[in-house]
Amino acid sequence: MASALINVPARAKRGEIIEVKTLISHVMETGFRHTQLGAAIPRNIIRRFVCTYNGTEIFSADLYPAISANPFIVFSTVATESGTLSFQWTGDNGFSVTESAKITVE
Amino acid sequence: MRRFWALLGLLVMAASAAAEIPSSERRSGYDLMGRELRAMQDDDTANPGMLWVLEGATLWKRAAGAAGRACVDCHGEASTSMKGVAAHYPAFDAGKQRPVNLEQRINACRVDRQQAPPLAYESRELLALSAYVARQSRGLPIAVTIDDRMQPFLEAGRVVYERRQGQLNLACSQCHDANWGRQLAGNVVPQGHPTGYPLYRLEWQSLGSLQRRLRGCLVGIRAEPYEYGAPELVDLELYLMWRARGMTMDAPAVRP
């Protein structure tokens with residue numbers, strides 16, 4: 001199960017700085033923990049987050065085991081044109097989630 | 001003589017420890033948190049508990065079990081039918097002749113109406129459904145119904161709350177009635193009002209139920225925790241909800 005919450009302002013003025021908030025459901029298992037019987041719990045993390053604005057990459061991040069479960073990533077960008085922001089999270093065990101949000105720039 | 005006064009002092013302390021917190025002095029754990037954590041809880045796009053609410057909304061509409069029915073088929077839209085419901089639980093169940101909590105109510109519905117296997121305590125699905133239902137009570141006052149049938153269970157819950165237990169020989173009331181607001185190591189002792197369950201605890205890195213929290217407390221005083229769904233835990237939940245009557249629900253809350 002994977003779900004993401006995204007908050008992008010629906011409307012913005014051209015040249016305005018907008019805040020983009022993303023929250024994704026993920027366990028972010030570090031790979032350093034063991035079960036009560038001593039077996040290592042394999043690593044299972046999101047490794048990369050990329051945001052594109054009408055196809056152009058505007059923000060990306062590499063994630064590491066120290067990042068908590070359900071990573072919350074907030075960043076700003078300049079509203080240049082109407083279109084779509086696409087978000088992609090990729091990680092261990094073939095984890096891949098893509099979401100998108102529309103923005104209208106006036 | 002000095003010993004007499006010391007003993008009297010102890011008796012006065014014991015008497016004040018048993019007193020209930022007056023409603024004007026009741027504080028939710030929300031009030032003890034810092035600015036950043038409050039902002040995290042209040043913003044639906046930053047509150048990780050909303051991930052479970054989102055999943056609960058999906059499960060609400062998904063048919064399950066041999067009956068092939070979804071919650072929505074009987075209850076309709078949760079925003080109207082489930083409004084204020086979580087604020088009234090634990091509630092009396094005529095079949096079991098005792099109070100059941102929200103999770104047990106959801107599972108009873110699953111078994112009887114949907115003819116599906118019950119969901120495990122603290123499973124993602126059960127937390128998602130209970131978070132979705134509890135979300136519909138946000139902003140409403142806690143109001144469990146106490147009548148003649150419920151009274152004995154409320155008293156049983158009070159007994160559990162005031163009983164010293166575990167290797168540390170502590171009762172819930174000694175911290176949460178007598179010493180709330182003071183420091184326990186780096187943390188402020190809260191009053192222990194269950195306003196926001198199921199809630200997202202940063203320590204858990206997950207959503208968890210009130211019973212998980214209570215079991216954590218029991219382990220903390222080095223007592224043997226009751227099993228999930230044990231009558232003692234449900235009675236204690238009932239007492240805690242009654243003790244927090246009138247306080248505002250803020251599920252799914254965020255706590256450190």
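Just so you know, all these numbers are worked out from the coordinates, no wet-lab data involved. Just so we're clear, the structure is a prediction, and the values are computed from it rather than from any experiment. Here the Cβ is made from the backbone with ideal geometry for all residues, glycine too, and neighbour counts use every protein chain on show.
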Orientation-averaged projected area, Cα convex hull of chain B (nm²)
15.3
Per-residue ellipticity at 222 nm for chain B, helices alone: DSSP H runs ≥ 4 residues times -39500 (n - 2.57), over residue total, nearest 500 deg cm²/dmol?
-12500 deg cm²/dmol
Can you order the peptides B:189-202, A:74-87 by their average number of other Cβ atoms within 10 Å per residue, highest first?
B:189-202, A:74-87
How big is D, in µm² s⁻¹, for region B:139-195 by Stokes-Einstein at 25 °C and 0.890 mPa s if Rh is the Kirkwood radius over C-alpha pairs?
184
Springs between alpha-carbon atoms under 10 Å, Gaussian network over chain B: tell me which of B:169, B:47, B:101 tops the mean-square fluctuations.
B:169
How long, wide and thick is region B:35-173, going by the Cα atoms along their three principal axes, in whole angstroms, largest first?
46, 45, 30
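I need to check one value: relative contact order of chain A, counting alpha carbon pairs closer than 8 Å and at least 6 residues apart, in percent.
Computed over chain A, the figure is 33 percent.
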Calculate the FRET efficiency for residue B:81 and residue B:120 from the Cβ-Cβ distance with a Förster distance of 22 Å, rounded to the nearest 0.05.
0.30
Quick check: pseudo-label points 7 Å beyond the Cα along Cα→Cβ at residue B:91 and residue A:88, how many nm apart are they?
4.8
Just need the relative contact order of region B:28-256 here, percent rounded to a whole number, with Cα pairs under 8 Å and 6+ apart.
28
Mean-position separation - Cα centroids, region B:86-131 and region A:31-67, in angstrom
34
Mind checking which aspartates and glutamates have their C-alpha under 14 Å from residue B:61, skipping anything on the same chain fewer than 8 residues away?
B:73, B:77, B:125
Relative counts (whole %) of C-alpha pair distances in region A:4-105, using bins that are 10 Å wide:
14, 43, 24, 12, 5, 1
The protein assembly as shown - charge dipole about Cα centre, Lys and Arg +1 at Cβ, Asp and Glu -1, debye rounded to 20:
540
Can you compute the modelled spin-label distance between residue A:60 and residue B:203, with each label point 7 Å from Cα toward Cβ, in nm?
3.9
Using the basic label-point model (7 angstrom from Cα toward the beta carbon), what is the residue A:48 to residue B:230 distance in nanometres?
5.0
Backbone HN-Hα couplings from phi across region B:193-200 [Karplus 6.51/-1.76/1.60, Hz, Gly and Pro as x]
8, x, 7, x, 7, x, 10, 8
Whole-percent pair-distance distribution, where bins are 5 Å wide, for the alpha carbons of region A:48-99:
5, 16, 30, 23, 14, 8, 4, 0
For the protein assembly as shown, just the Cα set please: Rg and Dmax, both in angstrom.
23.4, 85
What's the exposure ranking of B:45, A:56, going from fewest to most Cβ atoms within 10 Å?
A:56, B:45
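Under 8 Å for C-alpha pairs, at least 6 residues apart: give me the relative contact order for region B:174-244, rounded to a whole percent.
Here the relative contact order equals 24 percent.
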